[in-house]
1. Evaluate the following for ASP197: is it more than 15 Å from TYR306 (Cβ to Cβ) and either surrounded by 15 or more Cβ atoms within 10 Å (Cβ to Cβ) or not assigned by TED's automatic domain parsing to the domain that holds TRP154 (or both)?
2. Condition first: over 29 Å from LEU295 (Cβ atoms), at pLDDT 90 or above and surrounded by fewer than 20 Cβ atoms within 10 Å (Cβ to Cβ). Can you find one or more residues in region 398-412 that meet it?
3. If you scan region 376-390, which residues turn out to be surrounded by fewer than 20 Cβ atoms within 10 Å (Cβ to Cβ), in contact with a strand residue (DSSP E or B) (Cβ under 9 Å, 6 or more places away or on another chain) and in contact (Cβ under 8 Å) with a residue 40 or more places away in the chain?
4. Can we say GLY153 is surrounded by fewer than 19 Cβ atoms within 10 Å (Cβ to Cβ) and either closer than 30 Å to ASP408 by Cα or touching a residue at least 24 places away in the same chain (Cβ under 8 Å) (or both)?
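The values are calculated or read from the model by the stated rules, or taken from the named source; none is laboratory data. Because the structure is a prediction, the values reported are computed rather than measured. Cβ coordinates were reconstructed from backbone atoms using ideal geometry, including for glycine residues, and neighbour counts include every protein chain displayed.
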Amino acid sequence: MVRFCAWSLSLTFALGAAAMPSHADDVADLKARLEQIERDNAALRKEVNQLKEERNGTWLNERRAQEVQAMIQDVLADADTRASLLADQSHVGYINGAFSIGSPDGKFLMQIGGLIQARYIYNHRGRAPGGLDQFDKDESGFDLPRVRLEVGGWIGDPRFTYFVRFGPDREDNEVLGEKAVIGYRPTETFAIYAGEDKAAFLREEIIGPAFQMATDRSLMNEVFTVGYIQGAWITWAVHPNLTFYASVNDGVRSGEADNESNSAFLTRATGDPDLEPIHKPFFLDNTDVALTFRLDWKVMGNWEQYEDFAAWSGEPTALFLGAAVHLELGETGSSPGAGNSGDNDNFLLWTVDASFEHEGLSIFAALVGLHTDLEVANNFDMFGVVVQAGYMVIPDKLEPFIRFEWIDLDRRNVTTGVNTAGDNDVYLLTFGVNYYIIRHRAKVTVDVIWIGSTLPDSSILGLQDNDGFDQSLGHIGLRQDIDKDQIVIRIQFQVMF
C-alpha cells in the first residue's frame, strides 16, 4: 500500500511536468524535484522494511508469551483441582489427622491410623500371694502395652461409616480384632451403631489410651469398667451442649476367647476337653441382656476438649459433667455350681464425673458404685473415687500431674458375709510428668505409683475370669500383694499416627 502511494505520487509529478511549458529553468527545477522524490521513495522504502521486520519480531514474541501464559494457566488449573480434592477429602494424602484414600466423587473414604506405646516398668512389692518369700519382690522389664492399626471411613455415602481396629495380644502376639463398628448417621446430631466397642460408661474408658494424663488408666477404672461390649447403640446430640448415649449389649460377662469358663462350658456341652473356645459366640454369653446409658453436659468450652485430659494453650475454659448407668441381668436358667456360679446374678453400676480446664490447669474427678443382686449369696456394694490434676508449667510441653484413688472393695465372703480377704479400702497415689514432643502424637510420660494397701489375687467383682483380672493388674504395672507399700515406676514413649 505504501509502495503504491509512492509510485502514484511520482507519476502525478511526472505528468504534471510534461504538461508544463518547456523552459530551461522549469526543466532543471523539475529534474531536481524528481531526484528528491526518488530519494524520499528510497527512505520510505527503508522505513517500510524496518517496520515489517519489527512487526514480524513482535508477533513472534507475542506468540511465545501466549504459549507461556497458556502453560501457566494449565498449571494453576491443576493446582486448583488438587486443592479442591484436598478440601473434600477425595484424594490420597494426609488430612484430619489420618492418612486418607478417597474416590474423586467423595463417596468412598478410607483413613488409616495407629498407636505404638513402648513402656518400661519397675515393680517392688512386699510378698506374693500366699506369703511365699522365695518369689522375687522386685520385677522390671519392657512392655508394649498397645500396638494398634486402625482403619475407618465411609462407603457409598458419608452417612454409612465403618471402623476396625487390630492389635496383637500381649500374651502371644496373635493379632486380634479389638474393635469393629458399622454405623449410619442420618443427621448431624443422631447416629446408630452396631458391632464391638468400649461401652460409654466410665469417662476414663471413653478417652483413648493415647490421650490419658498418666501412663495408663487408673486401677479404679480397671475394677469398675464395663470394657468391650457387643451390641447396638445410639448417640444423640439432644442439644449443642448435651449428648446422650444408649446401648443394648451383651455386657461384662460376654464370651471371651481364651476364657477358662468358656472352655469349661464347651467341655460340659460337647464332652471334648480339648475343644478351644471361639471368640465371643453368642451361646457363651453369661448375660441375658445389658443396658448402658450415659449423658454428657458441656457447661462451657468446646467438645474437642472432652477428648483428652490436657489443657492446651489457646483453649477456652471448659467444664464437663457426666453420668452413666449400666444394668446387667444374668443368664436365665443357669444354676450355681458346676462352673456356672454367678452366671444368673444381676448387678448395677453407676457413675458421675466432672472435668475442668483453665489456662493450663486440668482437673478430673469421678465417683462410681456397684450394687449386686446375687441369687444364692449375700449382696455387696462397692465404691470408687479417682481425682487427678495436671498443670502445664511449660505450655503445651511440660505437664506435672498427680492422681489419687480410693476403692471400697467390700471384700466379704459372699456366703458368710464375713471379711476374710484383707483390706476393704485400697489407696493409690500416682504422680508424674508428661513431656509433649508433638502433643499426643509423640510424648514421654514418667510416673510413680504408691499402693498403701494389699491387692487381691483374684477378680474383685467376681464378674470376669481371674486370668483376665490378673492381666489387667499386670498391664498397668501392678501385682497381687498381701503387704502394703507396693511401688511402681513406669516410663513410656508413645507415637500416634
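1. For ASP197, the condition - more than 15 Å from TYR306 (Cβ to Cβ) and either surrounded by 15 or more Cβ atoms within 10 Å (Cβ to Cβ) or not assigned by TED's automatic domain parsing to the domain that holds TRP154 (or both) - is met.
2. Looking through region 398-412, at least one residue is over 29 Å from LEU295 (Cβ atoms), at pLDDT 90 or above and surrounded by fewer than 20 Cβ atoms within 10 Å (Cβ to Cβ).
3. Hit for region 376-390 is VAL385, nothing else.
4. no
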